[in-house]
Amino acid sequence: MNNVYRDTYGQEANFGNPNKAFLDKLAMSESSGKTDAEITIKDGRTFTGKYQFGAARLADYRRATKEKFSTADFKQDEALQDKVADWHFSDIDKAIDKLGNATNEYDRDRT
């Protein structure tokens, strides 16, 4: 059996992570895929990594998982960035699930 599928854009993704195609596109959009990317916006907030997570969302992840790392550690660790992104979207899905039928008109398709 072939473990590769194509998303709606024809991009291949591995069955091991069906969101890989989406995450690859997101990384290219946010940081051109650069794991050490960092931007500071006008209000002083900084967003880091290939998916551009800010300090508040990283704090949410650390609180939820009890993991400890600095923003500098995060910036240098691509596997951690991927792990946080997976958690982030799972957390969003859980929040949507809590809303019940109020979300019936929304589509969670990430492609």
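Worth a mention:
- Total lysine pairs under 13 Å (Cα atoms) in segment 21-111, excluding pairs fewer than 8 apart on one chain: 7
- Among GLU30, GLU67, the ranking by other beta carbons within 10 Å of each residue's beta carbon, starting with the fewest, stands as GLU67, GLU30.
- Between LYS83 and ASN101, the contour length at 0.36 nm per residue exceeds the Cα-Cα span by 3.6 nm.
- Relative exposure of GLU78, GLU105, judged by other C-beta atoms within 10 Å (fewest first): GLU105, GLU78
- Approximate spin-label separation SER29-ALA55, in nm, with each point projected 7 Å along Cα-to-Cβ: 2.7 nm
No value in this document is a laboratory result; all are computed from the given coordinates. Every value quoted in this text rests on a predicted model; they were computed, and no experiment measured them. Neighbour counts are summed over all protein chains in view; Cβ atoms, including those assigned to glycine, are modelled from backbone coordinates with ideal geometry.
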